[in-house]
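Novice: Just passing along the structure, written as structure tokens.
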Amino acid sequence: GVLHEDLRLLLDTALPPKRKKVVLGVGDAKMGAAVLEELGVQCQTGGVVAELMRGIRLHFPALVRGLTAQSAAKAQLGLGHSYSRAKVKFNVNRVDNMIIQSISLLDQLDKDINTFSMRVREWYGYHFPELIKIVPENSMYCRVAKFIGNRRELSEESLEGLEEIVMDSAKAQAILEASRSSMGMDISPLDLINIESFSRRVISLSDYRKGLQEYLRSKMSQVAPSLSALIGEVVGARLISHAGSLTNLAKYPASTVQILGAEKALFRALKTRGNTPKYGLIFHSTFIGRAAAKNKGRISRYLANKCTIASRIDCFSEVPTSVFGDKLREQVEERLAFYETGEPPRKNLEVMKEAVVEANEVVAEVKRRQEKKEKKRKKREKRRLEALAAAAEETAENSVMEAE
């Protein structure tokens, strides 16, 4: 329903100066209203106009001189591509598919690392059972088991290396003393080789998991910075994964986000006419754990409301920032304090006004940086083209001289 400048120029050129008796056939009623408002030309959008336009489209190559069906198809394809490119504005940095795959892989890695670490504990525990109580953490246990190998070969010289792994001199000394008086059985060199090899695999998986978590954190800061700032990268990624995409999550009401992940409990409660669940995946956030038992339902409802706002801001912002997420997090903190102490929180309108001002500053700064990058890129491109032109000119001069 908006009259484009090109269309206005075309109509001004094609229509006669006296337009009282002119009736323009328009396919779209909203466009007809815009033409009438802007230019004062009567427009008709009835069935006759639709039939005329259908006939024109059908015989368009015959009506336009020099236009073939093949060139018309190419023009339509080019128009479709340019329209889609301008409409979609696809940005590879804001694809949430990678977040869904990353959080699924992270969950699978947690299960696998836990299973494999328990296997190493059982296997190496026959040789050095006291180590399990001294080093309870899975990844560190595998590193220590790989470093020690045969406990009978552990000596004072190995103490420095142990301290680097466990990051505690007292714990390293305890491991050394336990190895001297251990009640574990002796183990063959072949068994030790297999245990060390398997420990190396578990350590490699743990290192990969850390890298994957950093990747997920950076991806969430690009795709959903407000949601990450509000509820954390992992919980935010789980919400996006469970919803299917960030757009789907943005479409959900707060009541659905609140129980997202607790569908089985919800349907069981509805079937048995029992109490419905108060929270789903958002239970893993720190806010609900910090709230008192009587306030858990209230804070989960409030948190789901803020998560919905954050996901919608992330989904529909051209330049997503974490400003709104930080402000929403402050609001949840204030609401928690209100439940505990009775201190009234700030009004939502005040907080959002502050957030809008800060977000505009951040967006302006981002756009300035993008403009600088674009200028530098254009300068580099210009220099490259000048160098190519100079090289081509030099080659042409050399060829002329050789010809002479």
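Novice: Residue under question is Val2, and the condition is that it be in contact (Cβ under 8 Å) with a residue 24 or more places away in the chain and β-branched (Val, Ile, Thr); does it hold?
Specialist: When the stated conditions are applied, Val2 passes them.
Novice: Given the structure, is Lys378 out of contact with any Leu (no Cβ under 8 Å at 6 or more places or on another chain), of a type outside the set (S, T, N, Q), modelled with pLDDT under 90 and loosely packed, with under 13 Cβ neighbours inside 10 Å?
Specialist: Criteria met by Lys378.
Novice: Could you identify the single residue in Gly184, Gly244 that is on the phi > 0 side of the Ramachandran plot and surrounded by fewer than 20 Cβ atoms within 10 Å (Cβ to Cβ)? I'd like the intermediate steps shown before the answer.
Specialist: Values: Gly184 fails: on the phi > 0 side of the Ramachandran plot.
So the residue among Gly184, Gly244 that is on the phi > 0 side of the Ramachandran plot and surrounded by fewer than 20 Cβ atoms within 10 Å (Cβ to Cβ) is Gly244.
Novice: Which ones in region 277-319 are of a type in the set (S, T, N, Q), more than 19 Å from Thr247 (Cα to Cα) and in contact with a Leu (Cβ under 9 Å, 6 or more places away or on another chain)?
Specialist: Selection gives Ser285, Asn295.
Novice: Separate question: Can you pull out the residues in region 88-110 that are among the charged types (D, E, K, R) and either touching a helix residue (DSSP H, G or I) at 6+ places or on another chain (Cβ under 9 Å) or at pLDDT 95 or above (or both)?
Specialist: Result: Arg94, Asp96, Asp107, Asp110.
Novice: Collect the residues in region 247-281 that are of a type in the set (S, T, N, Q) and either at pLDDT below 85 or crowded, with 18+ Cβ neighbours inside 10 Å (or both), keeping them in residue-number order.
Specialist: Residues of region 247-281 that are of a type in the set (S, T, N, Q), as a first pass: 247-248, 255-256, 258, 272, 275-276.
Correct list: Gln258, Thr276.
Novice: Which pairs do you get when a residue that is farther than 30 Å from His59 by Cβ, found in region 69-94, comes within reach of a residue that is at pLDDT 80 or above, reach meaning Cβ atoms under 8 angstrom, with the pair 6+ apart or on two chains?
Specialist: That search, which allows pairs on different chains as well, returns Asn93/Gln222; Asn93/Val223; Arg94/Gln222; Arg94/Val223; Arg94/Pro320.
Novice: Within region 211-239, count every residue that is in a helix (DSSP H, G or I), within 12 Å of the chain's Cα centre (by Cα) and more than 13 Å from Gly280 (Cα to Cα).
Specialist: The number of residues fulfilling the criteria is 16.
Novice: Now for a different question. Select from region 316-347 the residues that are modelled with pLDDT under 90 and in a helix (DSSP H, G or I) and write down the one among them that is surrounded by the most Cβ atoms within 10 Å (Cβ to Cβ).
Specialist: If we take residues in region 316-347 being modelled with pLDDT under 90 and in a helix (DSSP H, G or I), then Tyr339 is surrounded by the most Cβ atoms within 10 Å (Cβ to Cβ).
Novice: Exactly one of these conditions fails for Lys21: (1) in a loop (DSSP other than H, G, I, E, B); (2) surrounded by 10 or more Cβ atoms within 10 Å (Cβ to Cβ). Give me its number.
Specialist: Against the list (1) in a loop (DSSP other than H, G, I, E, B); (2) surrounded by 10 or more Cβ atoms within 10 Å (Cβ to Cβ), Lys21 comes up short only on (2).
The values are calculated or read from the model by the stated rules, or taken from the named source; none is laboratory data. A quick note: this is a predicted structure, and the numbers were derived from the prediction, not measured. All Cβ positions, even for glycine, are placed from backbone atoms using ideal geometry, and neighbour counts span all protein chains on display.
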